[in-house]
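What follows draws every value from the coordinates through simple rules; no lab data is involved. Everything numeric in this text was worked out from a predicted model, so none of it was measured. FYI the Cβ positions are ideal-geometry reconstructions off the backbone, even for glycines, and counts take in every protein chain you see.
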Amino acid sequence: MARKAPSIRSARPGLQRNSVLDLARMTVREVNQLLHDADGGDFLIKNPRGAHAIAAGLDGRFNIAIDGHVGYYCAGMTKEASITINGNAGTGVAENMMSGRVHVKGDVSQSAGATGCGGLLIVDGNASARCGISLRGLDIVVKGSVGHMSAFMAQAGILVVLGDAGDALGDSIYEARLYVRGRPKSLGSDCVPKSMGDTHKAELRKLLDAAGLGGEVDVSEFSRYGSARKLYNFHIDNLESY
Amino acid sequence: MCGIVGLFLKDPRLEPELGKLTAAMLAEMCERGPDSAGFAVYGNERTGINKICAVAPEGAVAWPQVAKQLAKSVGNNVGIEEIEDHAIFKTKGDGEAARTWLIDNVPEATVLSQGQSIEIFKGVGDPNRIAERLKLSERRGSHAIGHTRMATESAVTIAGSHPFSTGEDTCLVHNGSLSNHNRLREQLARHGERFQTENDTEVAAAYLTWRTREGDSLKQALERSLTDLDGFYTFVVGTRDGFAVLRDTIACKPAVMAETDDWVAFGTEFRALSTLPGIDAARIWEPEPATVYVWSRA
């Protein structure tokens, strides 16, 4: 990847204006402050060693690669930026992301993309429990499988799973759409299978393409799941489900 | 919160490094449990010798005198190794009888463990300082389990620190909290289990001791605990020749594992594993909920 020097609005004194940021020599706070002070640029972050909140809260046209495994909340709340993690990510990767693209080359832990509002989160490996919990417009493509309670109370956005889903997929789901190629172990309350129309196939195709899966994955292998819309409002017959 | 680390060495050549590797892992988990810490180290076995570890407030107990009385009680010689506020009694006599005698006769002390291999150390305060003071990095052995605690269910005391051990060479650390521990404690007491604290984790440790005494394997006992223990938890259990991991059915508490040809390791977070040699090439995964993982030397 070509790395040009980042433009920096107000770099703090003492910090190098360098496109390689080494967490073996800088604190996460220093790295994040440098990124927050810049309005974009290409950066390579080295030696993450499971640290939390790396590259969280970015707002701008960044192109960031992180070489190694990251801890909690990496790339959370990110806007516009493109962030690639060459490793695994801990709890809450890309949580509440607003736009842009986050690509994890390994596995992700719980609550990946939680409450995400927009953009695209791509996971090459597996995601564990509660992937896309309370999704609000972010699209997520998981090339492996997702754990239990994924898309819990998901309101908007799309979750695509090429593998299987764990227990209680889409529990109490609102209007998010779920596409699963494998089998959900069970569906949560108010989550039901739905038919695959042409518009659904088209939107799934678009997402798979965006995730770099081109023509290698056939959309007709997927099943769609969504809300039966019976839990939206209080209904006395549903008392048991609340 | 709370942080757990566990390291099980497959390559005996790493055994002199066990304490040092575990201390580095524990250091990464300080923020998750800044109020107290403890660790169990398995190793330094000598045929026929039982080790009983105990701790007491500095100066509250004259350990050499206790050792003499203990020798009379078990009818065998009792050696003693003092490390700061801890004492390790070593005897060819009955280890369980020695443990019971210490609990009954030395009320100022907390008895931490009993067995041929296990040694447990605990303290209150900054985990790094505890590890330093009790010389964790100098200890060698085959496997170790460490815990940093953020107390939720009982007071911040040495006795309330993890690991908990009630059975021979077995210990348990816990991230989470149990909600049915009071009732279960009463039931286990009726089965003859001895409790030294009001802590929920001690109940889980005693539960495993009871079940294994009833004939369950460690795997069976842990599988049964999924129905009998109510609450949320990630457990790491140490035995004389191995260790086990169990997460509750909804995997409420975080856990990550890594394995190479040389070792298997557990961390509440990945950063606890990041300091291990060969971690870059390790297989890394998150243990499944309600699934018992067991490694043993056998």
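Sort A:VAL160, A:VAL192 so that the residue with the fewest other Cβ atoms within 10 Å of its own Cβ comes first and the one with the most comes last. Present the calculation step by step, with values, prior to reporting the outcome.
Values: A:VAL160 26, A:VAL192 14.
Arranged by neighbour count, lowest to highest, A:VAL160, A:VAL192 become A:VAL192, A:VAL160.
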Would you list, by chain and number, the aspartates and glutamates whose Cα falls below 18 Å from the Cα of B:LYS92, excluding same-chain residues fewer than 8 positions away?
-> B:GLU45, B:GLU81, B:GLU119, B:GLU168, B:ASP169
For A:LYS206, which aspartates and glutamates qualify as cross-link partners when the Cα separation must be under 14 Å and same-chain residues fewer than eight apart are set aside?
-> A:ASP139, A:ASP198, A:GLU216, A:ASP218
Tell me what chain B gives for mean residue ellipticity at 222 nm when only DSSP H runs of n ≥ 4 count, each as -39,500 (n - 2.57), the sum divided by the residue total, rounded to 500 deg cm²/dmol.
-> -7500 deg cm²/dmol
How many angstrom separate the Cα center of region A:73-112 from the Cα center of region B:280-298?
-> 25 Å
Picking from B:GLY75, B:GLY167, B:GLY146, which is most flexible by a Gaussian network model of chain B using Cα springs under 10 Å?
-> B:GLY75
For B:VAL294 and B:LYS20, FRET efficiency with R0 = 30 Å and r from the beta-carbon atoms, rounded to 0.05?
-> 0.70
Near A:LYS105, which lysines are there with a Cα under 16 Å away, not counting those fewer than 8 places off in the same chain?
-> A:LYS46, A:LYS143
Note the angle between two axes, namely the Cα long axis of helix A:28-37 and the longest principal axis of the Cα atoms of chain A, as a number of degrees from 0 to 90, rounded to the nearest 10.
-> 90 degrees
Paramagnetic label zone (point 7 Å from Cα along Cα-to-C-beta, B:LYS72; backbone N under 17 Å) in region B:36-63 = B:62-63
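Work out how much length A:SER99 to A:ARG205 would gain on full extension: take 0.36 nm times their residue separation and subtract the Cα-Cα distance, in nm to one decimal.
Working: separation 106, 0.36 × 106 = 38.16 nm, distance 1.99 nm.
The A:SER99-A:ARG205 span can extend by a further 36.2 nm.
Once R0 is set to 56 Å, what does the formula 1/(1 + (r/R0)^6) return for the Cβ-Cβ distance between B:GLU58 and A:GLU221, expressed as a FRET efficiency to the nearest 0.05?
On the way: r = 67 Å, r/R0 = 1.20.
E between B:GLU58 and A:GLU221, to the nearest 0.05, is 0.25.
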For A:ARG183, placing the label point 7 angstrom along Cα-to-beta-carbon and taking region B:254-298, residues whose amide nitrogen sits under 15 Å are none
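Just to confirm a number: summing +1 for Lys and Arg and -1 for Asp and Glu over residues other than B:ALA290 whose beta-carbon lies under 14 angstrom from that of B:ALA290, what do you get?
Working: positive: A:LYS185, B:LYS219, B:ARG224, B:ARG247, B:LYS253; negative: A:ASP167, B:GLU223, B:ASP228, B:ASP230, B:ASP248, B:GLU286, B:GLU288.
Every neighbour counted, the sum reads -2.
Take B:MET1, A:MET149 and order them by how many other Cβ atoms sit within 10 Å, fewest up front.
Values: B:MET1 18, A:MET149 25.
By the 10 Å Cβ count, ascending, the order reads B:MET1, A:MET149.
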If each part is reduced to its alpha-carbon centroid, region A:137-180 and region B:61-122 end up apart, in Å, by 55 Å
Obtain the nm distance between the two label points defined at B:ASP11 and B:ASP230 by a simple spin-label model: each point lies 7 Å from its Cα along the Cα-to-C-beta direction.
-> 4.8 nm
Sites B:ARG283 and B:LYS135 - FRET efficiency at Förster radius 25 Å, r taken between beta-carbons, to 0.05 | 0.20
Return the sequence-ordered ³J(HN,Hα) values of region A:124-136 in whole Hz as given by the Karplus equation 6.51 cos²θ - 1.76 cosθ + 1.60 applied to θ = phi - 60°, using x for Gly and Pro.
-> 6, x, 9, 10, 8, 4, 6, 5, x, 5, 6, 4, 10
What is the distance, in nm, between label points placed 7 Å from the Cα along the Cα-to-Cβ direction at B:ARG194 and at A:HIS235?
-> 6.1 nm
